[in-house]
Amino acid sequence: ARHDAEIAEGRFRLLVDGVRDYAFYMVDRAGRVESWNAGAERLEGYTADEVVGQHVALFYPPDEARQGAPGRALDRAATEGRAVEEGWRIRKDGSRFWAEVLITAVRDAQNRFIGYSMVTHDLTERRRHAEVRARLREQVTAAQEDEQRRLARELHDETGQSLTSLLVGLRTLADAPSLAA
């Protein structure tokens, strides 16, 4: 049974390390990184040696970290079992990316809370595409509104001119001494 468990653990490690588009890592109860996969290294830019033992606040924008956002997210996961966040995160090189982070409270076989699993995914491109679509929708709506105003002006101007012409014609007829005139 021990041999089977070691094989299963090895296969699981291969799976976790093989995933490159998601950062998987474990965090202790205090919020310090305990394990780090290759996807986390690729996404965040830190090697395991650089980040293990560091608090997850390292990945948050400094102002959010100072305001306690990492602790609130961990507390929410501890209380509710999980927390999902979207927001800006900071890589080792200082660049920002828009991330979706799933934080799950981890319990041992005796149901004791031992820490957190964290899965982070870079949604920067998806967010950028959504922003472009929103801007295009705004531009289309503005163009449609402009066209409606232009058409309304043209109709108003044409109708106004036609009515004025009819009124002048009617006054001329009314002022004429006879139908023939």
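The values are calculated or read from the model by the stated rules, or taken from the named source; none is laboratory data. In this text, all values refer to a predicted model and were calculated from it rather than measured experimentally. Cβ sites come from the backbone with ideal geometry, for glycine too, and all protein chains shown count toward neighbours. Surface areas here come from the heavy atoms of the whole protein model, side chains and all, with no ligands, DNA or RNA. Shrake-Rupley method; radii C 1.70, N 1.55, O 1.52, S 1.80 Å.
Observations on the structure shown:
- Extreme residue, nearest to Gly45 (Cα to Cα), among residues of segment 91-105 that are part of a strand (DSSP E or B) and open to solvent by 30 Å² or more (accessible area, probe 1.4 Å): Arg96
- Test: residue in segment 19-36 that is at pLDDT 95 or above, out of contact with any strand residue (DSSP E or B) (no Cβ under 9 Å at 6 or more places or on another chain) and part of a loop (DSSP other than H, G, I, E, B): no
Conditions tested, residue by residue: (1) in contact (Cβ under 8 Å) with a residue 60 or more places away in the chain; (2) farther than 12 Å from Thr120 by Cβ; (3) under 24 Å from the mean Cα position of the chain (by Cα); (4) open to solvent by 50 Å² or more (accessible area, probe 1.4 Å).
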residue: Ala38; (1), (2), (3), (4): no, yes, yes, no
residue: Arg42; (1), (2), (3), (4): no, no, yes, yes
residue: Ala48; (1), (2), (3), (4): no, yes, no, no
residue: Pro61; (1), (2), (3), (4): no, yes, yes, no
residue: Arg66; (1), (2), (3), (4): no, yes, yes, yes
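- Taken over segment 68-89, the residue count meeting the criterion of being in a helix (DSSP H, G or I) and open to solvent by less than 20 Å² (accessible area, probe 1.4 Å) is 5.
- For segment 24-34, a tally of residues being out of contact with any Ser or Thr (no Cβ under 8 Å at 6 or more places or on another chain), open to solvent by 10 Å² or more (accessible area, probe 1.4 Å) and under 17 Å from Arg91 (Cα atoms) returns 1.
- Lone unmet requirement of (1) aromatic (Phe, Trp, Tyr); (2) over 14 Å from the mean Cα position of the chain (by Cα); (3) open to solvent by 30 Å² or more (accessible area, probe 1.4 Å) for Tyr116: (3)
- Qualifying residue in segment 123-139 (condition: surrounded by 10 or more Cβ atoms within 10 Å (Cβ to Cβ), at pLDDT 75 or above, closer than 30 Å to Gly31 by Cβ and β-branched (Val, Ile, Thr)): yes
- Segment 50-59, subset open to solvent by 10 Å² or more (accessible area, probe 1.4 Å) and among the hydrophobic types (A, V, I, L, M, F, W, C), residue nearest to Ala77 (Cα to Cα): Ala57
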